[in-house]
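In what follows, a single structure is set out as structure tokens and then discussed.
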Amino acid sequence: MQREGSLYTVIFTTVLCGICSILVASAAVGLKERQQINQILDRQHKILLVSGLVSPSEKLSREGIQNKFKENIEMRLVSFETGEYATNIPVETFDPKRALKDPNLSMKAPPNSAGLIDIPKYGLVYFVKRQGQIDEVILPIQGRGLWSMLYGYLALDKDLNTVRGIIFYEHGETPGLGGEIENPKWCQLWVGRKVYNSAGEVQLAVIKGQAGSADSDPHHVDGLSGATMTSRGVTNLVQFWLSDSAYGKYIKNKKQQGSI
Ligand SMILES: Cc1cc2nc3c(=O)[nH]c(=O)nc-3n(C[C@H](O)[C@H](O)[C@H](O)COP(=O)(O)O)c2cc1C
């Protein structure tokens, strides 16, 4: 066959594309399990960071993360419908993203400003233990920012009202603008703020401009400059997950019962 002919070019390109597709597909399939393990490790690391059990400058090996998580964090599942612990579903394998695809494990979200259409019927709760006692509770949070879905964790004190930390681990906001939700200095501004007022209503919000100190202005956090839409998204998602449509019922139950 003549190398200059168009038939040669077509056959050559088709064979090359076929080989490349097989290589890419094999890499995607072959690496999937490793990616999933890395994702679990990354989430565990973020939970350790937001809990304060690990500092951002601390370098931990994979085993280090796994061991610290196992030693200090306990997981449970909460029913958003009843606000009680769910004992009929295994917590270790519960995946909120996969639950959304299962009609038995998901439901339509009530009208909300967080851009959520469906939500799982159950939510994970991470207990941080210090000297054998529950010291903090970490709740997964998610909702729409300006460009993307924002995923993070909110750490509350055992009083289930005082913020101990916040962290976002996945988003597609603009670096330097909405992407500042990742900035540890901004996340630090949340510490000590209060979620609920004395009537039990969620008040925690990111405002436009600067908030006062946690003592003088307990429900407000500084807005991100040049990122009002992302800031509003953060308010909406935090308020949704702490409301009675999500973890709010559980929080009220536990406050009434006087123990977690
Ligand atoms: C390229 C580009 C990227 C932007 N990214 C974000 C963003 O990630 N989050 C956000 O809230 N606003 C972003 N904005 C700005 C919004 O369009 C809007 O102007 C802003 O939310 C207003 O905030 P401000 O009142 O604090 O200036 C972006 C604007 C441009 C031009």
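Every number here is computed from the coordinates shown, using simple stated rules; none is lab data. Since the structure is predicted, the reported quantities are computational estimates derived from the model, not experimental observations. We place every Cβ from the backbone using ideal geometry, glycine too, and count neighbours over all the protein chains shown.
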* Label-point separation in nm, ASP217 to ARG98, each point 7 Å along Cα→Cβ -> 4.4 nm
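By how many nm would the segment from TYR85 to LYS108 lengthen if fully extended, with 0.36 nm per residue of separation less the alpha-carbon distance? Could you put the intermediate results ahead of the total?
On the way: separation 23, 0.36 × 23 = 8.28 nm, distance 2.04 nm.
Gain on extension, TYR85 to LYS108, equals 6.2 nm.
Once every DSSP H run of n ≥ 4 in the chain is given -39500 (n - 2.57) and the sum is divided by its residues, what mean residue ellipticity at 222 nm do you get, rounded to the nearest 500 deg cm²/dmol?
That calculation yields -11500 deg cm²/dmol at 222 nm.
Give the residue list of GluC sites (Glu not before Pro) in the stretch 51-116 that are DSSP loop and have at most 14 other beta-carbon atoms within 10 angstrom. Walk me through the intermediate numbers first.
Numbers: sites: GLU58, GLU63, GLU71, GLU74, GLU81, GLU84, GLU92; in loops: GLU58, GLU81, GLU84, GLU92.
For GluC sites (Glu not before Pro) across the stretch 51-116 that sit outside H, G, I, E and B with at most 14 neighbouring Cβ atoms in 10 Å, the list reads GLU58, GLU81, GLU84, GLU92.
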* Asked: In what order do ARG62, ARG76 fall by count of nearby beta-carbon atoms within 10 Å, going from fewest to most?
  -> ARG62, ARG76
* What share of all Cα pairs of the chain, in percent, falls into each consecutive 5 Å distance bin? -> 1, 6, 11, 15, 17, 16, 12, 7, 4, 3, 3, 2, 2, 1, 1, 0, 0
* **Folded to 0 to 90 degrees: helix 6-51 orientation relative to the chain principal axis, Cα** => 20 degrees
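Determine, for TRP190, TRP241, the number of other Cβ atoms within 10 Å of each Cβ, and report the residues in order from fewest to most. Numbers along the way, then the final one.
Values: TRP190 21, TRP241 25.
If I rank by nearby Cβ atoms, fewest first, I get TRP190, TRP241.
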* **C-alpha long axis of helix 248-257 to longest principal axis of the chain, angle in °** => 40 degrees
* Asked: Which of the peptides 165-175, 242-252, 19-29, 100-110 is most tightly packed, and how do the rest follow, going by the mean number of other Cβ atoms within 10 Å of each residue?
  -> 242-252, 165-175, 100-110, 19-29
* To do: Treating cross-link reach as a plain straight distance, find the lysines whose alpha-carbon is under 18 Å from the alpha-carbon of LYS249, omitting any fewer than eight places away in the same chain.
  => LYS108, LYS121, LYS158, LYS194
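Considering Cα pairs under 8 angstrom that are at least six residues apart, work out the relative contact order of the stretch 123-196 and quote it in whole percent. Walk me through the numbers before you get to the answer.
Numbers: 138 pairs, mean separation 17.0, N = 74.
Taking the mean separation of contacting Cα pairs over the length of the stretch 123-196, I get 23 percent.
Quick one: length gained pulling LEU23 to ILE40 fully straight, 0.36 nm per residue minus the C-alpha distance? Show your work: numbers first, answer last.
Working: separation 17, 0.36 × 17 = 6.12 nm, distance 2.59 nm.
The LEU23-ILE40 span can extend by a further 3.5 nm.
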* Structure fact -> For the chain, longest principal axis from Cα atoms; helix 62-72 axis from its Cα atoms; angle between them, nearest 10 degrees, is 30 degrees
* **Share antiparallel - DSSP beta bridges, the chain, percent rounded to 5** => 95 percent
* Asked: Which distance in Å, rounded to a whole number, links the C-alpha centroids of the stretch 30-90 and the stretch 200-219?
  -> 29 Å
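Using only alpha carbon pairs under 8 Å that are at least six residues apart, calculate the relative contact order of the chain and give it in whole percent.
Working: 422 pairs, mean separation 39.8, N = 260.
About 15 percent, as a whole number.
How far, in nm, would the chain grow between SER148 and THR9 when pulled straight, counting 0.36 nm per residue and subtracting the alpha carbon separation? Please report the intermediate quantities before stating the final value.
Values: separation 139, 0.36 × 139 = 50.04 nm, distance 4.20 nm.
This chain segment gains 45.8 nm when fully extended.
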